[in-house]
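The next block holds one structure in the form of structure tokens; read it before the comments.
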Amino acid sequence: MTVFETKDALVKALQPYRAKHQSTGFVPTMGALHAGHLSLAARARKENDVVVVSIFVNPTQFNDRNDLANYPRTLQADAEKLQAGGCDFVFAPSVEEMYPEKDTRTFDFGLLDKGMEGTFRAGHFNGVAQIVSKLFDVVQPDRAYFGEKDFQQLAIIRYMAQNLRYPVEIVSCPIVREADGLAMSSRNVRLTPAQRRIVPVIAQTLLASRGKIAHTPLNELKKWVSDTIHQTEGLKMEYFEIVDRNTLQTADTFRSNALQGCIAVHAGNVRLIDNISY
Ligand code: PAF
């Protein structure tokens, strides 16, 4: 496995594979890798000739300066995990390498970014699209792998890839959870032991809501989820939405089998998201 810091070096390393029409699988990450990321890399390994994983904490997608400053950075440990996972190339560029000048592009996501993360993290998805499009330009993957934990991000990247006609298949991969249900996230390492003990309530509440949805009006179910989260001291819910899985528009009745419940919760200054299909 080789780690590259420049776009040119990675492009050059990929050229012989491209010349032989071998397929490239790409896993974009911000590092601090956990079993969720490694499941994406493992899937990419299975389905492609070459696997590239990028590790880049993208400043343009952070709307909170503290979150950017505190985002865990563990390149050495990440590289070891990827080596063990059979990754071929790691791309770990500097901010200057990816943004030699300010990226002023603004992207259109239709209605997909109008709620949930789009409401609470202004500019976040535009920053995600800036970096993912730049990475696609460099790696030119046949397949790119994204986790379903970032449910709205996945829909937005799919939309962007289609709109900008990137010849890439966007592959969505299931959430990987801890034994107590907590969705794996790089931010989990920032939880205090006391916070770590209470945060499984988020996934457990979502799971319980699945048992209720068929016989509970959606607004009552939303209130139940909100009340249940808030009954846990130390958790503060930012939103819980039940949306159509494809359009991400708020659903007002339980009438399709394409509903998704999406939640964001603060445990102290750590912001966690999760979702569930109904
Ligand atoms: O999901 C993430 O980790 C990031 O948003 C991504 C897709 C790597 C872009 O920086």
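Any read-out appearing in this document is the output of simple, stated calculations on the displayed coordinates, not a laboratory observation. All values reported here derive from a predicted model rather than from experimental measurement. Every residue, glycine as well, gets a Cβ built from its backbone with ideal geometry; the counts of neighbours run over all protein chains shown.
Quick notes on this structure:
- Criterion: under 19 Å from the mean Cα position of the chain (by Cα) and closer than 18 Å to Glu117 by Cα - qualifying residue of Glu169, Glu241, Glu178: Glu241
- Condition check for Lys114: out of contact with any strand residue (DSSP E or B) (no Cβ under 8 Å at 6 or more places or on another chain) and not in a helix (DSSP H, G or I): yes
- Considering region 178-255, the qualifying helices (runs of 4 or more DSSP H), each wholly inside and each with 1 or more residues that are surrounded by 15 or more Cβ atoms within 10 Å (Cβ to Cβ) and in contact (Cβ under 8 Å) with a residue 60 or more places away in the chain, run over 193-198, 200-212.
- Being in contact (Cβ under 8 Å) with a residue 60 or more places away in the chain and either within 14 Å of the ligand (Cβ to nearest atom) or closer than 25 Å to Val51 by Cα (or both) holds for only one residue in Phe120, Phe107, Phe91, and it is Phe91.
- The lone criterion from (1) touching a strand residue (DSSP E or B) at 6+ places or on another chain (Cβ under 8 Å); (2) in a loop (DSSP other than H, G, I, E, B); (3) within 15 Å of the ligand (Cβ to nearest atom) left unmet by Gly86 is number (3).
- Candidate set: region 157-202, residues that are among the basic types (Lys, Arg) and in contact with a helix residue (DSSP H, G or I) (Cβ under 9 Å, 6 or more places away or on another chain); chosen: the one nearest to Glu238 (Cα to Cα): Arg187
- Residue check for Pro141: away from the ligand (no atom under 12 Å from the Cβ) and buried (at least 21 other Cβ atoms within 10 Å of the Cβ): yes
- Members of region 227-238 that are touching a Phe, Trp or Tyr at 6+ places or on another chain (Cβ under 8 Å) and under 23 Å from Asp113 (Cβ atoms): Glu238
- Criterion: within 12 Å of the ligand (Cβ to nearest atom) and in a loop (DSSP other than H, G, I, E, B) - qualifying residue of Lys134, Lys149: Lys149
- Scanning region 152-169 for residues that are touching a strand residue (DSSP E or B) at 6+ places or on another chain (Cβ under 9 Å), of a type outside the set (A, V, I, L, M, F, W, C) and assigned to a loop (DSSP other than H, G, I, E, B) yields one hit, Tyr166.
- Thr232 vs. criteria under 20 Å from Ser277 (Cβ atoms) and not small (Gly, Ala, Ser): no
- Taken over region 175-204, residues that are of a type outside the set (Lys, Arg) and within 15 Å of the ligand (Cβ to nearest atom) amount to 8.
- Of the residues making up region 256-278, those that are small (Gly, Ala, Ser) and in a loop (DSSP other than H, G, I, E, B) are Ser256, Ala258, Gly268.
- Meets criteria (touching a strand residue (DSSP E or B) at 6+ places or on another chain (Cβ under 8 Å) and of a type in the set (D, E, K, R)) for Asp8: no
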